[in-house]
Amino acid sequence: MAGSRTFTLLCGLLAATLVRATLSPPAVLSLGPEVIKERLTQQLKNHNAVNILQQLPLLSAVREEPAGGIRILGSLVNSVLNLIIWLKVTSASILQLQLQPSADGQEIMVKIPVDMVAGFNTPLVKTIVEMHMEMEAQAIIRVETSKRGDAQLVLDQCSNSQGSLRIRLLHKLSFMVNPLANKVMSLLVPTLPKLVKSQLCPVIKAAFEDMYADLLRLVRVPVSLSSDHLEFDLLSPDIKGDVIQLNLRAKLLDSQGNVTSWFNKSAVSLTTPTLDSAPFSLTVRQDVVNAAIAALLPPEELMVLLDYVLPELARRLKANIKVINDKAADQLGRTQIVKILIQETPELLLSQDSAKLAQLMVLEVFPTNEARRPLFTLGVEASLEAQFYTEGDQLTLNLNEISSDRIHLMNSGIGLFNPELLKDIITEILESVLLPNENGKLRSGILMSMVEALGFQAASWSLTKDAIVITPASS
């Protein structure tokens, strides 16, 4: 019973620890104010927001609710309106959008400044009386969670910004027309905010929904990895200050479209750096990057006729083996073969601003091409200096120096010996055979289509202790 209680207690403590642990998403796309404003502005254009402003029914709206919503038939107000032949917006534009984070940093207020010129015609003057109108629509971007627990970004609470409406005459008028113009402007003051809410706000909401849908579409574009590909999808959105974060899940698929690896929230750490001045960043967790590299560098077997391809290394290998065993060295012929078997996927080891690739491999030396058994078999634990670089929106990994960290004698037909005696020559063989082969496979790179889709021509990269971070290249 005591053992059972102890086991139950340990399970409870483990569960509590897991609950407290912060689960990290496989990737995070952080969108700064510049990207949000640019994409929302474009969607407002796509939805003809300016055209909506130019078609605001000013005269009918003023007639329906003159003097603050009280219908006064036969009043002075209606007498004034009877002098107006037409009243409409003659030109309109939407100025640069502004974003303002909420006090708790979990919502973003979007402010949309509107600049309009309206005119009205009256029998009192032959020319059009023009008014300059400035106002500001505002709405809140926030995260909404459904009853099922699904979260999405929404835009609501759209209205006219309090105190943002300003109306003035563009030109001086005669003393007879001036009172009429002032009265028209006073009637527009309560009318315009209602028109913003009824006419412009639905357009703003639809534009935001399309912007959000477009962002999700570009996130889901497959990332090609030779014959395999990596796909991202939304886990949950988040708001941090004036930055929208899309937390992403990932999956790796083979050439047949079968999922070979899933990546979801886990206790694996992920450091998401602040944007600073970058318009956006894509932070990809180390295990996802590992899977991508493994897809580009699958297990394989390399064979090389050493004396034909690398005669100097063949001569030095023979000299090294001669120190271990004279008879074994004499068996090495012109057709001697070195076989390198890579049976496990490589592992990318990250640190701040540097990376290494750890690989386990088996190396065998055959005296001739007809020999069925190797002279010896070595297990090699190697590390390679890994350097990322970008060309346009393509990310490429290049492997440079290789180090044989540990060498184990797995099998020997020439007696036991210390494999460290062969460390230098084995390292040079790997540099001459393995490095060119793997760099050839990595040379195609990884096309980061997300960079161009967000409106940028080139990408840049940086490393943290547990992720690679993609940002636009500075111009």
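Every number here is computed from the coordinates shown, using simple stated rules; none is lab data. Every value quoted in this text rests on a predicted model; they were computed, and no experiment measured them. FYI the Cβ positions are ideal-geometry reconstructions off the backbone, even for glycines, and counts take in every protein chain you see.
Couple of notes before you dig in:
- Burial ranking of peptide ranges 342-355, 241-254 (average Cβ count within 10 Å, highest at the top): 241-254, 342-355
- Spherically averaged projected area of the stretch 178-221 from its Cα convex hull (nm²): 3.8
- Over the stretch 386-439, the hull volume per residue, using the convex hull of the C-alpha atoms, is 95 Å³.
- Across the stretch 242-318, the relative contact order, built from alpha-carbon pairs under 8 Å that are at least six residues apart, equals 17 percent.
- Both radii come from the Cα set of the stretch 233-319: Rg as radius of gyration, Rh as Kirkwood radius; their ratio Rg/Rh reads 1.26.
- Amide H contacts under 5 Å for ALA355, placed H, 5+ residues apart: ALA386
- Considering the stretch 34-218, its Cα convex hull presents a mean projected area of 12.9 nm².
- Most positive-pole-ward Cα, ILE446, PRO346, PRO57, against dipole of the chain from beta carbon charges: PRO57
- Going from the fewest other Cβ atoms within 10 Å to the most, the residues GLU420, GLU136, GLU452 appear in the order GLU420, GLU452, GLU136.
- Acute angle (nearest 10 degrees) that the helix 33-46 long axis makes with the longest principal axis of the chain, alpha-carbon atoms: 60
- Volume of the Cα convex hull of the stretch 88-150, divided per residue and given in Å³: 131
- Over the stretch 338-446, relative contact order from alpha-carbon pairs under 8 Å, at least 6 apart, %: 21
- Each semi-axis of the equivalent ellipsoid for the stretch 348-416 is √(5λ) with λ an eigenvalue of the Cα gyration tensor; in descending order they amount to 35, 15, 7 Å.
- The chain, Cα convex hull volume normalised per residue, Å³: 223
- The Cα trace of the stretch 295-446 gives Rg and Dmax of 16.5, 56 Å, the first to one decimal, the second as a whole number.
- Remark: the stretch 247-252, residue by residue, has Karplus-estimated 3J(HN,Hα) of 7, 10, 9, 9, 8, 10 Hz, where x stands for each Gly or Pro and the curve is 6.51 cos²θ - 1.76 cosθ + 1.60 at θ = phi - 60°.
- Those aspartates and glutamates that a straight Cα-Cα span of less than 13 Å connects to LYS205, excepting residues fewer than 8 apart in one chain: ASP156
- Relative contact order (%) - criterion: Cα under 8 Å, at least six apart; region: the chain: 14
- A simple spin-label model places the labels of THR396 and SER227 2.3 nm from each other, with each point 7 Å out along Cα-to-Cβ.
- Taking amide H atoms as placed 1.01 Å from N in the peptide plane, the amide H of SER261 lies under 5 Å from those of LEU252, each 5 or more residues away in sequence or on another chain.
- Mean projection of the Cα convex hull over all viewing directions, computed for the stretch 142-208: 6.3 nm².
- At R0 = 41 Å, FRET efficiency that the Cβ-Cβ distance of GLU64 and LEU216 yields, to 0.05: 0.50
- At 0.692 mPa s and 37 °C, Stokes diffusion of the stretch 271-375 via Kirkwood alpha-carbon radius, µm² per second: 192
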